[in-house]
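Derivation of every value follows stated rules applied to the coordinates shown; laboratory data play no part. Computed from a prediction, not measured in an experiment: that's the story for all the values here. Counting neighbours? That spans all protein chains shown, and the Cβs are built from the backbone with ideal geometry, glycine included.
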């Protein structure tokens, strides 16, 4: 399995697009690295770049980008709202797939060593790459910023991990590390006051605010018995925040880093800032994401805001994302395009969903062509998706006037139906891909005994895969019948025939997929495996036919 890491360097240039382009061009020279996002900010004078790939290639691309940034950016002339200490201010590596945090941290150390020794740029390690817990926090390392580092770097406790202990006036220093996925998120306020924005930031951030006597800003700091400042914690765990004024937009913002979205998700951060801002006489007008966001964060946000309205969360992925965007005002300052901002969409192999992305007419034309795929297996999956979609529609239509006390019941059914529908849509393409794998296996060379052995193994592996895909269609289509039956029994009576048609689609999907399981099984040499899966398939088919008959009888009893 391919190891993947993400790199999100922050460069201290947000206005000169030519400079930014030259830096990102260096990244794109490395084969196998995908540049996902370039997000410049004029007011912060900072650009956040995101790219992914195999570890060795990613650190090579990062090294070239850091080198180019040092050549093009002059920190002695840099001004911007965001804290910074170097041309490449920070360069984190994030594990994405099939790689541990420990391995990722080791790659960060390798990169920092190259930057320090080959480029002679002072390099500091942070987060998981830094063994010394006293200096693994980015804000602690960066304290004093560019201007203060000429003295700071001379202190024994702030000797760089790699590179010279001399501050580079032009390139500054850089911080390189390994961390968990982080969301950089700004919430917009209807004020121009940085002080008031900071008050809200202190209310919500985990570190809170320093405790003072009298005036919370100018009063004397209260210390503990060890002389350390006491603080009042903020309301959000795993959140860092500051307030600033963005001249480009003419507003103040709460700028947050959400360091663990399982603890404090995007929607919770947004709502809490709304609450705290309102308590201080301000109003949130929208928000913006810096860089990329995981799909789950957007889907969770969409569901959260629908549930607050007591509306069904059993809607499409596209609709959930739309609700999240509108609810958090993510398009207030600039258009928010999910295809460009959600990491899974950028990593998605579009060829793997070719059929699912076709129009209905194009899909029918492709099926009718002389090509053997898509064939019955893909059509069975699509029939199942249509059945699940109809069952879900009945659930959503059952949240109607007079039934408001049952909205959660139907929302839960609709959400189940959406899950079955989404799985079956994926299987439309997977079935065709499985057929193509068998064809490719049969085309392998067989001139020598070694080639024959390798070819036979590949054919058998591809055959098992081609059995398992339609079996998954059977399981998902059968599962959807439970939703359809519930809707026929308890759902909106005006949609009873929709439930009937859904049952016909689901049963046909189960029977059709089982035909594909059995015909593909003829080429499999593992007889025990075949006996087991055919027995399980026969039972699924039997139960699907029984349930469909019950649903059709129920429908007919209500319409005849």
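Each label point is 7 Å from the Cα along the Cα-to-Cβ direction; what then is the distance between the points at residue 400 and residue 132, in nm?
So the label points at residue 400 and residue 132 sit 7.0 nm apart.
Okay, helix-only estimate at 222 nm for the chain: each DSSP H run of n ≥ 4 adds -39500 (n - 2.57), divide by all residues, round to 500 deg cm²/dmol; what do you get? Intermediate values should be presented prior to the final figure.
Details: 17 runs with 288 residues, N = 560.
Helix contribution divided over all residues of the chain: -17000 deg cm²/dmol.
Any idea what diffusion coefficient segment 4-178 gets from Stokes-Einstein, in µm²/s, Kirkwood Rh on alpha carbon pairs, 25 °C, 0.890 mPa s?
Values: Rh = 15.7 Å.
After rounding, the answer is 156 µm²/s.
Given points 7 Å out from each Cα along the Cα-Cβ axis, report the residue 371 to residue 350 separation in nanometres with one decimal.
Here the modelled spin labels are 1.6 nm apart.
How large is log10 I(q)/I(0) at q = 0.34, 0.35 Å⁻¹ when the Debye formula is applied to the Cα atoms of segment 504-545, each weighted equally and without solvent?
Results for segment 504-545 at q = 0.34, 0.35 Å⁻¹ read -1.15, -1.18.
Stokes-Einstein diffusion coefficient for segment 350-559 at 4 °C in a medium of 1.567 mPa s, Rh from the Kirkwood formula over Cα pairs: what value in µm²/s?
Details: Rh = 18.2 Å.
For the chosen part, D equals 71 µm²/s.
So what is the relative contact order of segment 415-555, in percent, for Cα pairs below 8 Å that sit 6 or more residues apart? Mind showing how you got there, number by number?
Working: 140 pairs, mean separation 39.7, N = 141.
Computed value for segment 415-555: 28 percent relative contact order.
How big is segment 283-405 by Rg and Dmax over its Cα atoms, in Å?
Values for segment 283-405 (Cα only, Rg and Dmax): 18.4, 61 Å.
Using the 10 angstrom Cβ neighbour count as an exposure proxy, how do 465, 226, 399 rank, fewest first?
Working: 465 17, 226 5, 399 20.
With the sparsest Cβ surroundings first, the list reads 226, 465, 399.
Using only the alpha-carbon atoms, how far is helix 407-442 inclined from the longest principal axis of the chain? Give it as 0 to 90 degrees, nearest 10.
Long axis of 407-442 versus the principal axis of the chain: about 80 degrees.
If each residue's Cβ is checked for other Cβ atoms within 10 Å, how do 312, 193 rank with the fewest at the top? Walk me through the numbers before you get to the answer.
Numbers: 312 24, 193 13.
Least crowded to most crowded, the residues run 193, 312.
Sorted from fewest to most neighbouring beta carbons within 10 Å, what does the list 548, 339 look like?
Working: 548 24, 339 8.
So the residues, fewest neighbours to most, are 339, 548.
Quick check of the Kirkwood formula: for the chain, what is the inverse mean of 1/r over all pairs of different Cα atoms, in Å? Numbers along the way, then the final one.
Details: mean 1/r = 0.0368 Å⁻¹.
Radius from the Kirkwood sum: 27.2 Å.
How high is the relative contact order of the chain, in percent, counting Cα pairs under 8 Å that sit 6 or more residues apart? Before the final figure, lay out the partial values.
Details: 1087 pairs, mean separation 54.6, N = 560.
Relative contact order, the chain: 10 percent.
How large is the Rg to Rh ratio of segment 269-350 when both quantities use alpha carbon positions and Rh follows Kirkwood? Don't skip to the end; give the middle numbers.
Numbers: Rg = 13.6 Å, Rh = 13.6 Å.
When Rh is taken as the Kirkwood radius, the ratio is 1.00.
For segment 329-438, what relative contact order do you get, as a whole percent, if you take Cα pairs closer than 8 Å and at least 6 residues apart? Before the final figure, lay out the partial values.
Details: 78 pairs, mean separation 36.9, N = 110.
It rounds to 34 percent for segment 329-438.
Quick check on packing: order 131-137, 258-264 by the mean number of other C-beta atoms within 10 Å, highest mean leading.
Details: 131-137: 11.9, 258-264: 17.1.
Top to bottom by mean Cβ count within 10 Å: 258-264, 131-137.
Mind pulling the angle between the C-alpha long axis of helix 17-28 and the longest principal axis of the chain? Nearest 10 degrees, somewhere in 0 to 90.
Taking the Cα atoms of the chain, the angle to 17-28 is about 60 degrees.
Above 28 Å lies some portion of the pair distances; for segment 183-347, what is it as a whole percent of all C-alpha pairs?
Working: 3490 of 13530 pairs.
For segment 183-347, the share of Cα pairs beyond 28 Å comes to 26 percent.
Provide the packing ranking of 59-66, 519-526, 9-16, i.e. peptides ordered by the mean count of other C-beta atoms within 10 Å per residue, highest first.
For the peptides 59-66, 519-526, 9-16, the packing ranking is 59-66, 9-16, 519-526.
Ranked from highest to lowest mean number of other Cβ atoms within 10 Å per residue, what is the order of the peptides 162-174, 436-448, 415-427?
Values: 162-174: 20.0, 436-448: 13.0, 415-427: 22.7.
Ranked by mean Cβ neighbours within 10 Å, highest first: 415-427, 162-174, 436-448.
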